[in-house]
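A quick write-up on the structure given underneath.
The values are calculated or read from the model by the stated rules, or taken from the named source; none is laboratory data. Because the structure is predicted, anything quoted here is derived from the model rather than measured. Neighbour counts are summed over all protein chains in view; Cβ atoms, including those assigned to glycine, are modelled from backbone coordinates with ideal geometry. Only protein heavy atoms, including side chains, enter the accessible area calculation; ligands, DNA and RNA are left aside. Shrake-Rupley method; radii C 1.70, N 1.55, O 1.52, S 1.80 Å.
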Amino acid sequence: MNILNTSFNTTYNTAPFSQIKDTDFLPAFKVAIDSAKQEIEAITNTLEAPSFENTIEALEFTGQQLDRISSIFFNLNSAETSDIIQKIAQEVSPLITEFSNDITLNEALFKRVKAIYDQKDTLELTTEQHTLLDKKYKSFARNGANLSEEKKNKLRAIDKQLSQLQLTFGENVLAETNNFEMLVTNVEELSGLPEGVLEAAKQLAESKDKEGWLFTLDYPSYIPFLTYADNRALRKKLAIAAGKKAFKGDALDNQKNVLQIAKLRFERAQLLGYKTHAHFVLEERMAKTPQKVEDFLEELLVKAKPAALREFKELQEFANSLDGISQLEKWDSAYYAEKLKQSRFDLDDEKLKPYFKLENVIDGAFKVAQKLFGLVFEEITTIDKYHEEVLTYKVTDANDELVAIFYADFFPRPGKRNGAWMTSYKPQFIKGDKNERPHISIVCNFTKPTKTKPSLLTFNEVTTLFHEFGHALHGMLANTTYPSLSGTSVFWDFVELPSQVFENWCYEKEALELFATHYQTGELIPMDLVQKIKDSAAFHEGMQTLRQLSFGLLDMSWHGIDPTSITDVKAHELKAFEGTQLFPDVKENCMSTSFSHIFQGGYSSGYYSYKWAEVLDADAFEFFKERGIFDKEVATKFMENVLSQGGIEDPMVLYKRFRGKEPQPDALLKRAGLMPSN
Ligand SMILES: [Zn+2]
């Protein structure tokens, strides 16, 4: 019996990683798809008249085994992949796409769904059921259920091609990241780099039987190098290598993939009756239309640009006075910004890192969650993990009831993609009288411990951990009936609210006191350092905002127009970047070819949502600050109206119920120093 096709029978019903062989996946997927097909057939073949229960709800609970296998498999493909897993992904993805297309293009099924949708106003449904009905109907309509046979076939062909292209795009980026190494054998060329960075680079070289110091495009190697290395030529070499990912005209080049993906997405949107891909996407967003998004980005651009230009000029003068740099380049940005920040705030990452030992920071996030929501995290060693470095916890509430199982995977490995993310291995839902609790995971790429030092986080890594942990709370505290509306299954421009709001606690004295102690002396982080962290948080906020806006505008430039006449990726990108670039362009670099967010993942027409959510998070945190950052009443309101509610209602309704009013950008502009506070 294939373990993946069983009900696991493990502690807390967790994924039985140690019993799964790579070769189990493909056959397990096939079996699960077959049984999901039978479940669908049972719904369409029934002689009963369509009802919410026998159609919408029944449909919601089909394919649960398939979902479970998919989440295990695709989570592994992100966090612990291999050539075999990647090869299976290439085989499996079209099967899954085909299966989900079979559902959404199933006319008999759609007829039943539509019959219920058409009487939605006369049915006695709960709010959550109304949302589910609407979502199910749209999942058909937005996938072509109302199209002619010929157009349906065309749509299927496009979807198949798109899923393949997006996978290839991601694989190329990963391969490009892994293929690059910079070996330095003369330590004098590495002046400026902190001891810990040197040690990690030396260990990496040793692990590959090389003499010297090895640097890669993995963030924990790349970011400190660009921030601290005095050697401008080497900074340039590394930065250009990063910017050149999948833009070399070789087999791993993504230019054709980018053009094809943009064109196919447009074609798909047109087929469904939308003007562009962005129109299609934004219909199911809080923002609703491309115009609203563009206005939003433009408004912030107007507010941020003067500050950005001022900051850039100041940075240029600083670099000039320090090293006679007459033209700042991209590879100078982090380096001189760090030096300027140091001179102004006397606060560098290396000074802070001893107070942020990874174990202490995790514990701090747990303590904050306990104070706010009464959650208790207890490490458990009795469940399977997919890698020995993964930490596993049992999460309970104040009544000792199980809330969730929590996985945390912190360090980079060759099979892990860059960045940090939250995901789940099992969703939350209520069936019968059983509230099934979720299995949530966060995956990061933090600085590894060395032989002599534990993992000490930069402040940026601390906020990253809190960010992902905020997503995890959204998943863990979920309390909805239907899995497809549970946890982080919300509109995409709402999904970053819980994560980003949680970052705010990292800047607060009361929270830092809970965990920011020196890893050697146990001394609490000095309060003047805390004040400096706060003061420096708005440092270069104009430039940072401009950068984020440029990504959002680039995204809209690919998806908010008809892209069929675009032939030159780089030229198009330059045009989209007009008005947002401070540094000279690097000819051999291109952002789009490794912009995984929008071309591999699902953030197309959605990059703006980071800023959108910042407006929300600043506004939400303002509420906490008014009452005290550990105020139980505000925390409970947040838990009851946002964190537990998933996507059961329009996000604006949920937000207003928590906050008492609509969000305003003022709190963000004030926090970012882009508006004079009064
Ligand atoms: Zn996030």
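Calculate, for the chain, the solvent-accessible area per residue in square angstrom, rolling a 1.4 angstrom probe over the heavy atoms of the protein chains.
Result: 42 Å² of accessible area for each residue.
Indicate the gyration tensor shape class of the range 555-678 (rounded, prolate or oblate), computed on the Cα atoms with a ≥ b ≥ c the square roots of the eigenvalues: a/c under 1.5 is rounded; otherwise a/b larger than b/c is prolate and the rest oblate. Mind dumping the intermediate values first?
Details: a/c = 3.18, a/b = 1.94, b/c = 1.64.
Since a/c reaches 1.5 and a/b is larger than b/c, the shape of the range 555-678 is classed as prolate.
Measure nothing fancy, just the Cα-based angle from helix 527-537's long axis to the longest principal axis of the chain, in degrees from 0 to 90, nearest 10.
For 527-537 against the chain, the angle is about 70 degrees.
For the range 97-150, what % of the accessible area comes from carbon and sulfur atoms, probe 1.4 Å? Spell out each step's value before the answer.
Details: 1280 of 2760 Å².
That share works out to 46 percent.
In debye, nearest 20, what is the charge dipole magnitude of the chain about its Cα centre with +1 on Lys and Arg Cβ and -1 on Asp and Glu Cβ, if you could check?
With Lys and Arg at +1 and Asp and Glu at -1, about 1000 debye.
In this model, which of 245/575; 330/453; 152/248; 136/256; 416/453 are farther than 25 Å apart at the alpha-carbon? Write out the running numbers ahead of the final one.
Working: 245/575 20 Å; 330/453 31 Å; 152/248 37 Å; 136/256 34 Å; 416/453 23 Å.
Violating the 25 Å limit, Cα to Cα: 330/453; 152/248; 136/256.
Among 556, 422, what's the order by accessible area (1.4 angstrom probe), most exposed first?
Solvent-accessible surface, decreasing: 422, 556.
Classify the range 110-182: rounded, prolate or oblate, from the alpha-carbon gyration tensor (a ≥ b ≥ c, eigenvalue square roots; a/c under 1.5 rounded; otherwise prolate if a/b is larger than b/c)?
Oblate, because a/c is 1.5 or more while a/b does not exceed b/c.
When all alpha-carbon pairs of the range 327-419 are counted, what percent fall beyond 22 Å?
For the range 327-419, the fraction of Cα-Cα distances above 22 Å is 54 percent.
Taking θ as phi - 60°, what are the ³J(HN,Hα) couplings along the range 558-565 by the Karplus curve (6.51, -1.76, 1.60), each to the nearest whole Hz, with x for Gly and Pro?
With the stated coefficients, the range 558-565 comes to 7, 10, x, 9, 7, x, 5, 8 Hz.
If one computes P(r) from the Cα atoms of the range 431-553, what percent of pairs lie at distances over 17 Å?
Tail of the P(r) past 17 Å holds 70 percent of the pairs.
Using the Cα centre as the reference, give the magnitude of the dipole from point charges on the C-beta atoms of the range 145-304 (Lys, Arg: +1; Asp, Glu: -1; all else neutral), rounded to the nearest 20 debye. Please list the in-between numbers first.
Numbers: 24 positive and 24 negative charges, 180 e Å.
That gives the range 145-304 a dipole magnitude of about 860 debye.
Dipole of the chain (Lys/Arg Cβ +1, Asp/Glu Cβ -1, origin at the Cα centre): which of 521, 597, 499 lies farthest to the positive side?
After comparing all options, I get 597.
Calculate the length of the line joining the C-alpha centroid of the range 506-521 to that of the range 530-560, in whole Å.
Computed from Cα coordinates, the inter-centre distance equals 26 Å.
Sorted by packing (mean other beta-carbon atoms within 10 Å per residue), highest first, where do 65-75, 492-502 land?
Result, highest mean Cβ count within 10 Å first: 492-502, 65-75.
How long are the semi-axes of the equivalent ellipsoid of the range 1-53, defined as square roots of 5 times the Cα gyration tensor eigenvalues? Whole Å, largest first.
The equivalent ellipsoid of the range 1-53 has semi-axes of 30, 15, 7 Å.
Name the trypsin sites (Lys or Arg not before Pro) in the range 14-45 that are in a loop by DSSP and that have at most 15 other C-beta atoms within 10 Å, would you? Spell out each step's value before the answer.
On the way: sites: 21, 30, 37; in loops: 21.
Those satisfying the criteria are 21.
Quick check: Cα centre of the range 242-317 to Cα centre of the range 53-96, how many Å?
28
Which one, 273, 231, 131, is farthest towards the positive end of the dipole of the chain when Lys and Arg carry +1 and Asp and Glu -1 on their Cβ?
273
Could you size up the charge dipole of the range 218-373 around its Cα centre, putting +1 on the beta carbon of Lys and Arg and -1 on that of Asp and Glu, and report it in debye to the nearest 20?
380
Among the aspartates and glutamates, which fall within straight-line cross-link reach of residue 135, defined as a Cα-Cα distance under 13 Å, with same-chain neighbours fewer than 8 residues apart omitted?
The reachable aspartates and glutamates, counting only those whose Cα sits under 13 Å from residue 135, are 57, 60, 283, 284, 649, 650.
Taking all pairs of different Cα atoms in the chain, averaging 1/r and flipping that mean, what Kirkwood radius in angstroms comes out?
26.6
Kindly rank 510-517, 121-128, 361-368 from highest to lowest mean number of other beta carbons found within 10 Å of each residue.
Result, highest mean first: 361-368, 510-517, 121-128.
Out of residues 5 or more away from residue 426 or on other chains, whose amide H comes under 5 Å of its own, with H placed 1.01 Å from N in the peptide plane?
Distant-sequence amide H within range of residue 426: 439.
Of the peptides 436-447, 591-602, 386-397, 463-474, how do they stack up when ordered by the mean number of other Cβ atoms within 10 Å, highest first?
463-474, 436-447, 591-602, 386-397
Have a look at 246, 630, 115 and report the one farthest towards the positive end of the charge dipole of the chain, computed about the Cα centre with Cβ charges (Lys/Arg +1, Asp/Glu -1).
Going by the Cα projections, it comes out as 246.
Distance between the C-alpha centers of the range 407-474 and the range 323-341? Whole Å please.
Cα centres, the range 407-474 to the range 323-341: 33 Å.
What are the lysines whose alpha-carbon lies under 21 Å from the alpha-carbon of residue 611, with same-chain residues fewer than 8 places away excluded?
Straight-line reach from residue 611, under 21 Å: 288, 292, 303, 305, 534, 625, 656, 661, 670.
Taking amide hydrogens as modeled 1.01 Å from N in the peptide plane, which residues meet the under 5 Å criterion relative to residue 215, leaving out close sequence neighbours?
The answer is 182, 183, 184.
I need the GluC sites (Glu not before Pro) found in the range 548-642, filtered to DSSP loop residues with at most 14 other beta carbons within 10 Å of theirs.
578, 588
Mind listing the phi-derived Karplus ³J(HN,Hα) values for the range 238-251, rounded to whole Hz, using 6.51, -1.76 and 1.60 with θ = phi - 60°, and x for any glycine or proline?
Going residue by residue, I get 5, 5, 5, 4, 5, x, 9, 3, 6, 9, 10, x, 9, 5 Hz, with x marking Gly and Pro.
Restricting things to alpha carbons, tell me how big the range 481-528 is in terms of Rg and Dmax, in Å.
For the range 481-528, the Cα-based Rg and Dmax read 17.0, 49 Å.
Please state, as a whole number in µm²/s, the translational diffusion coefficient that the Stokes-Einstein equation yields for the range 50-143 at 4 °C and 1.567 mPa s, with Rh defined as the Kirkwood radius across alpha carbon pairs.
For these conditions, the coefficient is 86 µm²/s.
How about the range 1-74: which GluC sites (Glu not before Pro) there lie in a loop by DSSP and see at most 10 other Cβ atoms within 10 Å?
For GluC sites (Glu not before Pro) across the range 1-74 that sit outside H, G, I, E and B with at most 10 neighbouring Cβ atoms in 10 Å, the list reads 48.
In whole Hz, what ³J(HN,Hα) sequence does the range 628-643 give by Karplus (6.51, -1.76, 1.60; θ = phi - 60°), x for Gly and Pro?
x, 5, 10, 4, 5, 5, 5, 4, 5, 4, 5, 5, 6, 9, 10, 4
Leaving ligands, DNA and RNA out of it, report the carbon-plus-sulfur percent of the accessible area of the range 230-362 at a 1.4 Å probe.
Values: 3020 of 5990 Å².
Using a 1.4 Å probe with all protein chains present, the range 230-362 comes out at 50 percent carbon and sulfur.
Quick check: at a probe of 1.4 Å, how many percent of the accessible area of the range 526-579 sits on carbon and sulfur atoms? Mind showing how you got there, number by number?
Details: 1120 of 2200 Å².
Accessible surface attributable to carbon and sulfur in the range 526-579 totals 51 percent.
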